Amino acid sequence: MKALPEIPGRDEFDALIIRTDYGDEAAWQAVVADLVQPWGGDDDFEPAVHLVDDPAWADLTPDRVLEEARRDENLSVVFLADRVTMQSAQRALLAIDLAEDEDLDPLYDQELIDSPPPREFRTVPAGVHDVHANLSIANMDFAEFAEEAFADPDRVYRPY
């Protein structure tokens with residue numbers, strides 16, 4: 001397994017976006033342009049993102065990125081700009097829940113054992129900020145966002 005570079009300089013309030021596909025530079029630039037737009041109902045908030053654009057992360061699986069991202073104790077979600085992102089007209093990033101799998105007790109947690117909560121969903125770039133902000137302050141949980149994404153005909157979270 002190759003060693004990955006550290007992710008230096010991420011402010012704890014910045015959403016972490018990791019680029020894993022390097023096949024279309026124009027698509028990546030479009031994703032970045034969308035990510036740096038003001039967000040919120042009336043564009044009230046400035047974007048806060050930390051972009052990892054390093055070919056050392058190329059073609060990594062979500063599980064491998066998850067393993068690395070979990071080193072950051074202040075992070076609850078990571079977003080991947082993967083091949084699907086680059087090829088989709090919506091530029092939908094993959095949101096991955098960083099919550100650790102806990103030991104479940106069959107006596108009390110049978111529902112979670114039978115139907116575990118979703119660990120990932122896709123979001124348009126404008127949704128990255130909404131997801132990251134609400135998860136960071138525990139205003140919503142990952143499953144709520146996933147549920148909204150899965151209800152969309154394209155299975156993509158859209159904040160507005």
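Scanning region 92-124 for residues that are at pLDDT below 95 and either closer than 30 Å to Gln29 by Cα or in contact with a His (Cβ under 8 Å, 6 or more places away or on another chain) (or both) yields Asp97, Leu98, Ala99, Pro118, Arg119, Glu120. Remark: Glu46 falls outside the filter, which requires a residue to be closer than 24 Å to Arg119 by Cβ and of a type outside the set (S, T, N, Q). Can you tell me which of Ala69, Ala30, Ala15 is of a type in the set (A, V, I, L, M, F, W, C) and more than 16 Å from Asp97 (Cβ to Cβ)? So the residue among Ala69, Ala30, Ala15 that is of a type in the set (A, V, I, L, M, F, W, C) and more than 16 Å from Asp97 (Cβ to Cβ) is Ala30. In region 17-48, of all residues being at pLDDT below 95 and part of a strand (DSSP E or B), the one that is surrounded by the fewest Cβ atoms within 10 Å (Cβ to Cβ) corresponds to Phe45.
Can you find, within region 49-60, the residue that is farthest from Val124 (Cα to Cα) among those that are hydrophobic (A, V, I, L, M, F, W, C) and surrounded by fewer than 14 Cβ atoms within 10 Å (Cβ to Cβ)? Among those that are hydrophobic (A, V, I, L, M, F, W, C) and surrounded by fewer than 14 Cβ atoms within 10 Å (Cβ to Cβ), it is Ala56.
Of the residues in region 145-152, not one is within 15 Å of the chain's Cα centre (by Cα), among the aliphatic types (A, V, I, L, M) and surrounded by fewer than 21 Cβ atoms within 10 Å (Cβ to Cβ).
The values are calculated or read from the model by the stated rules, or taken from the named source; none is laboratory data. Keep in mind it's a predicted model, so treat the numbers as computed, not measured. Glycine also receives a Cβ, built like all others from the backbone with ideal geometry; neighbour counts cover every protein chain displayed.
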